[in-house]
């Protein structure tokens, strides 16, 4: 025997709305924090072979104000702690051939997730590989209030060259984003 439950809002016992079911079936949870942050401008002259925090400082979306644009990190609080899905997209170019390149997502200053860049030659076959592309996601355990995550880049460039993290005008090709899963 089939049964039906008609409900528009589910509330906590304290009277606050926990879940709203729209007439089209879309479920809204008021406290599902999320963020998307990109760069205001290129981040240039990153030293050779030195892990450097990416200066994500342009808030695209962050309704809970969790992203710190001066320390370039997401810090959770008692209301937003939990497991987070995080995605990083980065485009870099260097002054010389990139020997290797990696991006790390760190939790509380410790590397948790590492991704090696896809190296690319900008001038065709036989040209030095001066560009690296990164695109990856991870689930982060940020279950304690004050846990934080940030993103670092480390490029080993021939002849001790430098690297630039490229923003590229009005497109989002270098950004970090995410949302709490639970």
Please give, to one decimal in nm, the separation of the simple spin-label points placed at residue 7 and residue 148, each 7 Å out from Cα toward the Cβ.
3.9 nm
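Starting from 0.36 nm per residue, how many nanometres of slack lie between residue 47 and residue 135 once their C-alpha separation is accounted for?
29.5 nm
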Site residue 173, offset 7 angstrom along Cα→Cβ, radius 19 Å on amide nitrogen, limited to segment 89-105, gives 89-98, 101-103
Wrap a convex hull around the Cα atoms of segment 1-159, take a quarter of its surface area, and give that in square nanometres.
14.6 nm²
Using r as the Cβ-Cβ distance of residue 83 and residue 59, and R0 as 25 Å, what FRET efficiency do you calculate, to the nearest 0.05?
0.65
Going highest first, how would you order 166-178, 11-23 by mean Cβ packing within 10 Å?
166-178, 11-23
For the residues 26, 139, what sequence is obtained by ranking on other C-beta atoms within 10 Å, fewest first?
26, 139
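Read the figures in this text as sums done on the coordinates, not as results from a lab. All figures in this text were calculated on a predicted structure; none of them were measured in a lab. All Cβ positions, glycine included, derive from the backbone under ideal geometry; neighbour counts span all protein chains shown.
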